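Student: Have a look at this one.
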Amino acid sequence: MHGSEGQEREAGRREEIPLISSPGGNVAPSTPRRGGGVFSPAPGQRPPFLGHGAGLRRCHYPDVLSGSVECDWFEVITENFLGAGGRARRILFSIRERFPVVLHGVSLSIGGCDPIRGDYLEALRGLASELEPPWISDHLCFTSARGHNSHDLLPLPYTEESLAHVERRVLQVQDFLGRAIALENASSYVTFLHSTLSEWEFLAELAARTGCGILLDLNNLDVSCHNHGWERESYLQGIPPGSVWQFHLAGPSEMGPLLIDTHDHPVPDRVWELYRRAVRRFGAVSSLVEWDDKIPEWSVLSAERQKAARLMDEELRRGPGDPS
Amino acid sequence: MNLEELQSFFLSLLEAPEGVARGLAGLSAAGMPAGDLFSAHFRGDERLGALARVDIYANMYFFRLRDVLAEDFPRTRGVLGETAFHNLVTDFLVAHPPSEPSLRWLGRPLPRHLESSPLTSSLPFLPDLARLEWEWLDCFQALDAPALLRSMLAPVPPAEWPELTFCFRPSVRFLSLEFEVEAFFLESSPPARPVRRPHSLVIFRGEDEEPAFFEIDEAARVFYESLASGRPLAEACSEMAGVCEDLDAGGEAARYLSDAFDRELFSPKP
């Protein structure tokens, strides 16, 4: 069977981008559409506050395109749009004309040992140049090994060795992209006996060394703390305030003694409480409600988003001496 | 183990088709001190042991990929039924572990994998059905390109036409099938079994952004595939004439070109 030229592009190039030992300089912002523009922060600097958004899912396209939804911004899964055309791409850019859209990836494998794929980074850079996302994010994890992609967010041991390894790769990626990225704390179900750092110490030090932002997923924080017996307050207090670029909010599932990061339930009360505490510590940080499976109607998602906005407003109005 | 070895070990356990425990046993049987390495690195607790925790990842790995394949190949799954499809996916992932950053490409090797599957002894049309499902999906998601219109070729002198080469739009697909699987793919109440009838299709993306197809004869297939491989028009005509005797090659080429322009299959060269 012969295909068109499109199929002949499918193999892609695999090459290791040379390691860069220092972060790239700031990139002059492009002419922004609403909420766009490249953000290359100084260490500890946060991107502009976008408000309260939602993960953009296919089933909500009609609602969003109709112009009837109220939402401050959207986040999309990067890999769904790399090298893709047709209706999905057209819809993405239609939405981008009216809303800021952040690119959130799942396959960067920043903690992995396979060379970071040059074709992936080039495609990401190309998409970002067209979409002008306020920032680009992915996860602190590894995804691939031996050229095999697990399509899951697999945990890292938190050691000085792995920290130095991830630091090098973050700097490499940021230099290639010409901008800083944000990394999300992934939910985990197993840890490593030889870890010497806590997850929050690892994230904080990584942000300090590279200037990357932290996408603090409060559901994932809750899941991981539950699963490993960590203290939630220690986690929050261990993250420097200026390093958090974004919050995620979502609802997990219970599986026996553990919580599973399914992102298919409403945000539970304990995560709303974490959100309040996070706002008190980190201030007005762009917040996003994620719902990845058994996705409800837009009105349900919107209600969660509005609740987040109301809770943030309540916490920001509290004075410093207000009791929690 | 260093970090790279640890990650390779971890992924091996996720990829083990019969679960983490059997995966560890398999690695041990191959001479690796897998049990000791596992115990030395992975932490569990009194609520759930390390093996069961890693099993969570293993289950997520398999069922996420199975669900993607089920969504991309719904008819194939329907023909096989849940158990056989589950087993197919198990074998497929062992033979073709995912390697691309996007799940969009996960199912690309599945039609070829089916060609050598024992399933085809009783379901010989299955590879064709999967191939149509894949090409349909790939067409839908293919990159965009503007259409080459007839009017854009008007300035080209007729003498230069034999050396013209054409680009097909990225969404265009040529598909040669042994079985009539189209009805099986499209209709809610398909025939019991597709009949064997070798034929070829062109799949393309219409103005409504939906895939569509039309059947082509052998001469058209040779002609279009020759153009798609980059050969100039005159060579494509010659190739067609060489395969199909007693053919008015020039007349047929003109008709095939006209069909392609009508359906906006070509794009200007980049």
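Student: What are the radius of gyration and Dmax of the stretch A:136-293, computed over its Cα atoms and given in Å?
Tutor: Answer for the stretch A:136-293, Rg first and Dmax second: 15.0, 44 Å.
Student: Another one. Viscosity 1.002 mPa s, temperature 20 °C: give me the Stokes-Einstein translational D for the protein assembly as shown in µm²/s, with Rh taken as the Kirkwood radius over C-alpha pairs.
Tutor: Details: Rh = 26.3 Å.
Translational diffusion coefficient: 81 µm²/s.
Student: Okay, moving on. Can you give the Rg to Rh ratio of the stretch B:1-123, both from alpha-carbon atoms, with Rh computed by the Kirkwood formula? Please report the intermediate quantities before stating the final value.
Tutor: On the way: Rg = 16.4 Å, Rh = 16.0 Å.
Radius of gyration over Kirkwood radius for the stretch B:1-123 works out to 1.03.
Student: Okay, moving on. Quick one: grab Rg to one decimal and Dmax as a whole number for the stretch A:234-324, Cα atoms only, in Å.
Tutor: Expressed in Å, the Cα Rg and Dmax of the stretch A:234-324 come to 14.0, 41.
Student: Quick check: the angle from helix B:233-243's long axis to the longest principal axis of chain B, C-alpha only, nearest 10 degrees?
Tutor: 80
Student: Say the dipole of the protein assembly as shown comes from +1 at the beta carbon of Lys and Arg and -1 at that of Asp and Glu; which of A:285, B:147, B:220 then lies farthest toward its positive end?
Tutor: A:285
Student: May I pose another question? Hey, fewest Cβ within 10 Å first, where do B:176, A:234, B:188 land in order?
Tutor: On the way: B:176 16, A:234 12, B:188 4.
Exposure proxy ranking, most exposed first: B:188, A:234, B:176.
Student: Can you pull out the GluC sites (Glu not before Pro) in the stretch A:133-234 that DSSP calls coil and that have at most 12 other Cβ atoms within 10 Å? Don't skip to the answer; put the middle values down first.
Tutor: Details: sites: A:160, A:161, A:167, A:184, A:199, A:201, A:205, A:231, A:233; in loops: A:231.
Answer in residue order: A:231.
Student: Here is a further query. Karplus couplings for the stretch B:156-173 from phi (6.51 cos²θ - 1.76 cosθ + 1.60, θ = phi - 60°), rounded to Hz, Gly and Pro as x?
Tutor: Listing the rounded values in order: 7, x, x, 5, 8, 4, x, 9, 5, 10, 10, 9, 8, 5, x, 7, 7, 10 Hz.
Student: How large is the convex hull of the Cα atoms of the stretch A:48-145 per residue, expressed in Å³ as a whole number? Before the final figure, lay out each step's value.
Tutor: Values: hull volume 10.5 nm³, N = 98.
Per residue, the Cα convex hull of the stretch A:48-145 comes to 107 Å³.
Student: Based on Cβ point charges of +1 for Lys and Arg and -1 for Asp and Glu, what charge dipole magnitude is obtained for the stretch A:145-214 about its Cα centre, in debye rounded to the nearest 20?
Tutor: Values: 5 positive and 9 negative charges, 53 e Å.
Dipole size: approximately 260 debye.
Student: Okay, moving on. Can you tell me the 0 to 90 degree angle between the C-alpha axis of helix B:126-141 and the longest principal axis of chain B, rounded to 10?
Tutor: For helix B:126-141, the angle is close to 80 degrees.
Student: Here's a follow-up. Run lengths n ≥ 4 of DSSP H only: what is the helix-derived mean residue ellipticity at 222 nm for chain B, with -39500 (n - 2.57) per run over all residues, to the nearest 500?
Tutor: Values: 12 runs with 138 residues, N = 270.
Calculated at 222 nm, the ellipticity per residue is -15500 deg cm²/dmol.
Student: Related question: Before anything else, pin down the relative contact order of the stretch B:124-270: Cα pairs under 8 Å, at least 6 apart, normalised by residue count, whole percent. Each step should come with its number before you reach the end.
Tutor: Numbers: 222 pairs, mean separation 43.8, N = 147.
Relative contact order here is 30 percent.
Student: What's the angle, to the nearest 10 degrees (0 to 90), between helix B:82-95's Cα axis and the longest principal axis of chain B?
Tutor: Result, in degrees: 90.
Student: Might you report the magnitude of the Cβ-based charge dipole of the protein assembly as shown about its Cα centre, with Lys and Arg at +1 and Asp and Glu at -1, to the nearest 20 debye?
Tutor: Numbers: 56 positive and 87 negative charges, 285 e Å.
That gives the protein assembly as shown a dipole magnitude of about 1380 debye.
Student: Related question: Once you put a point 7 Å from the Cα of residue B:120 and another 7 Å from the Cα of residue A:168, both along the Cβ direction, what distance in nm separates them?
Tutor: 4.5
Student: For B:89, B:195, what ranking results if the residue with the fewest other Cβ atoms within 10 Å of its Cβ goes first?
Tutor: On the way: B:89 24, B:195 10.
Ordered from fewest to most neighbouring Cβ atoms within 10 Å, B:89, B:195 come out as B:195, B:89.
Student: Still on this structure: Using the 10 angstrom Cβ neighbour count as an exposure proxy, how do A:78, B:83 rank, fewest first?
Tutor: Details: A:78 26, B:83 8.
By the 10 Å Cβ count, ascending, the order reads B:83, A:78.
Student: Further, regarding this structure: What list of ³J(HN,Hα) values in whole Hz, one per residue of the stretch B:192-205 in order, does the Karplus curve 6.51 cos²θ - 1.76 cosθ + 1.60 (θ = phi - 60°) give from phi, with Gly and Pro shown as x?
Tutor: Each residue's phi maps through the Karplus curve to give 4, 9, x, 7, 7, 7, x, 6, 10, 10, 10, 9, 8, 9 Hz.
Student: Taking 8 Å as the Cα distance limit and 6 or more residues as the minimum spacing, I'd like the relative contact order of chain B as a percentage. Show your work: numbers first, answer last.
Tutor: On the way: 316 pairs, mean separation 40.0, N = 270.
Answer for chain B is 15 percent.
Student: Calculate one ³J(HN,Hα) per residue across the stretch B:147-154 by plugging θ = phi - 60° into the Karplus curve 6.51 cos²θ - 1.76 cosθ + 1.60, and present them in order as whole Hz with x for glycine and proline.
Tutor: 3J(HN,Hα) across the stretch B:147-154, in whole Hz: 7, 8, 9, 3, 4, 6, 8, 4.
Taken together, the values in this text are just the output of simple stated rules run on the coordinates, not laboratory data. As the structure is a prediction and not an experimental result, all values here were calculated from the model. Note that each Cβ is placed from the backbone with ideal geometry, even for glycine, and that neighbours are counted across all protein chains shown.
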